[in-house]
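Enquirer: Just dropping this structure here.
The values are calculated or read from the model by the stated rules, or taken from the named source; none is laboratory data. As the structure is a computational prediction, the values presented were derived from the model and not from experiment. Counting neighbours? That spans all protein chains shown, and the Cβs are built from the backbone with ideal geometry, glycine included.
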Amino acid sequence: MMTRHHKNSPLQFLAIVSLSTLLGACSALDVLNASVGPGAYQQTADKNYGPHPRQNLDIYTPKNLPASADVIIFFYGGRWQSGDKRDYRFVAEAFTSKGLVTVIPNYRLFPEVAYPVFNQDAAAAYQWVETHIQKYQGNPKRIFIAGHSAGAYMAAMVTLNERLQEHAGIKMPPCGMIGMAGPYDFLPFSDEDIKQVFAPADRPIETQPIHYVNGTEAAMLLLYGEADDIVWPHNAKNLTNSVLQHGGQAQLITYKDVGHASLVASLAKPLHHIAPTLKDIIHFIRQTRCH
């Protein structure tokens with residue numbers, strides 16, 4: 001395990017949140033997206049990967065991309081109950097600035113749906129990318145799957161659950177998985193809303209990404225902030241240890257004084273100083289060889 005030290009960094013994100021409050025209708029995400037400069041990428045919006053209105057995704061292609069590029073799919077968090085892909089342009093800007101074709105999907109949310117539908121949507125989005133991303137200068141043989149919080153959970157399930165992959169028609173599993181502050185081993189359910197989200201599960205253990213580790217999965221990079229009081233650190237630690245014990249590849253990096261929201265916020269250009277998350281993610285992608 002590696003720990004990055006960044007003193008007082010949560011205060012920087014709190015300053016952004018306070019600023020957004022003063023701006024009234026704008027949210028903290030609006031403020032982060034305001035930092036995205038014009039012309040950073042070419043966007044292709046609202047490509048459908050299924051018939052439901054929320055089964056769509058946006059593709060961000062770096063400008064002047066000379067050849068087939070690595071691809072990253074990013075799933076946002078929101079307790080499986082909220083979120084929209086349009087709020088994460090700052091994430092797209094971060095990854096495209098490093099030459100990655102970036103895909104940000106929407107997916108169906110509770111209470112309209114419950115477990116396992118959002119995982120099925122994540123797998124369907126991955127399968128669409130696998131099939132179509134070459135048209136957008138992406139390399140279908142080098143697709144990385146990432147997410148924050150609930151999105152990291154979904155990225156882990158697509159990476160680990162082979163039955164989910166097969167059901168979606170995925171031909172080649174992810175090249176690698178990046179999880180930011182994700183819940184991977186969180187039984188028993190304690191919060192009432194989370195109990196409802198996962199109520200349809202016949203066996204609660206089957207809802208847990210750690211249950212599907214077998215050592216043959218794609219390489220994993222798991223990131224979390226030591227000041228996170230939303231998703232407890234044992235999630236990343238336990239998943240890392242399980243993968244390694246099964247003979248797989250997993251790396252855990254922690255960031256001192258970084259909280260749950262500030263971890264993903266650190267991808268925004270003005271907040272890179274919070275933690276070197278972008279640098280660590282790009283290093284992982286560049287050194288990872290696909291199966």
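Enquirer: State the number of residues belonging to the stretch 10-55 that are at pLDDT below 50 and among the β-branched types (Val, Ile, Thr).
Expert: Number satisfying all stated conditions: 3.
Enquirer: Let me ask another. Considering only residues of the stretch 279-291 that are touching a strand residue (DSSP E or B) at 6+ places or on another chain (Cβ under 6 Å) and in a helix (DSSP H, G or I), which is farthest from Arg89 (Cα to Cα)?
Expert: Phe284
Enquirer: Which ones in the stretch 98-115 are at negative phi, out of contact with any Asp or Glu (no Cβ under 6 Å at 6 or more places or on another chain) and free of Cβ contacts under 8 Å to residues at least 60 places away in the same chain?
Expert: Correct list: Val101, Val103, Pro105, Asn106, Leu109, Glu112, Val113.
Enquirer: Out of Ile170, Ile104, which single residue is surrounded by fewer than 22 Cβ atoms within 10 Å (Cβ to Cβ) and over 24 Å from His234 (Cβ atoms)? Give the derivation first.
Expert: Numbers: Ile104 fails: surrounded by fewer than 22 Cβ atoms within 10 Å (Cβ to Cβ).
Residue meeting the stated conditions: Ile170.
Enquirer: In this structure, is Gly77 crowded, with 16+ Cβ neighbours inside 10 Å, in a loop (DSSP other than H, G, I, E, B) and at pLDDT 65 or above?
Expert: Working: crowded, with 16+ Cβ neighbours inside 10 Å: yes; in a loop (DSSP other than H, G, I, E, B): yes; at pLDDT 65 or above: yes.
It is true that Gly77 is crowded, with 16+ Cβ neighbours inside 10 Å, in a loop (DSSP other than H, G, I, E, B) and at pLDDT 65 or above.
Enquirer: Another question, then. For Tyr107, state whether it is in a loop (DSSP other than H, G, I, E, B), under 24 Å from Ile194 (Cα atoms) and touching a Lys or Arg at 6+ places or on another chain (Cβ under 7 Å).
Expert: On the way: in a loop (DSSP other than H, G, I, E, B): yes; under 24 Å from Ile194 (Cα atoms): yes; touching a Lys or Arg at 6+ places or on another chain (Cβ under 7 Å): yes.
When the stated conditions are applied, Tyr107 passes them.
Enquirer: Could you list, in sequence order, the residues of the stretch 141-167 that are touching a helix residue (DSSP H, G or I) at 6+ places or on another chain (Cβ under 8 Å) and either of a type in the set (Phe, Trp, Tyr) or surrounded by fewer than 16 Cβ atoms within 10 Å (Cβ to Cβ) (or both)?
Expert: Phe144, Tyr153, Glu162, His167
Enquirer: Sticking with this structure for a sec: Looking for something more than 20 Å from Gln208 (Cβ to Cβ), in contact (Cβ under 8 Å) with a residue 12 or more places away in the chain and either in contact with a helix residue (DSSP H, G or I) (Cβ under 6 Å, 6 or more places away or on another chain) or among the acidic types (Asp, Glu) (or both) - is there at least one such residue anywhere in the stretch 244-257?
Expert: The answer is yes; a qualifying residue exists.
Enquirer: Could you check the stretch 174-216 and list, in sequence order, the residues that are over 16 Å from Arg79 (Cβ atoms), in a loop (DSSP other than H, G, I, E, B) and under 16 Å from the mean Cα position of the chain (by Cα)?
Expert: Within the stretch 174-216, Pro174, Cys175 meet the criteria.
Enquirer: Of all residues in the stretch 41-73, how many are touching a residue at least 60 places away in the same chain (Cβ under 8 Å), assigned to a strand (DSSP E or B) and of a type in the set (Phe, Trp, Tyr)?
Expert: 1
Enquirer: So which residues in the stretch 224-278 are part of a helix (DSSP H, G or I), within 23 Å of Glu93 (Cα to Cα) and within 16 Å of the chain's Cα centre (by Cα)?
Expert: Within the stretch 224-278, the first condition is being part of a helix (DSSP H, G or I), and the residues that meet it are 234-245, 260-265, 269-274, 277-278.
Filter once more, keeping what is within 23 Å of Glu93 (Cα to Cα): 260-265, 269-274, 277-278.
Passing the criteria: His260, Ala261, Ser262, Leu263, Val264, Ala265, Thr277, Leu278.
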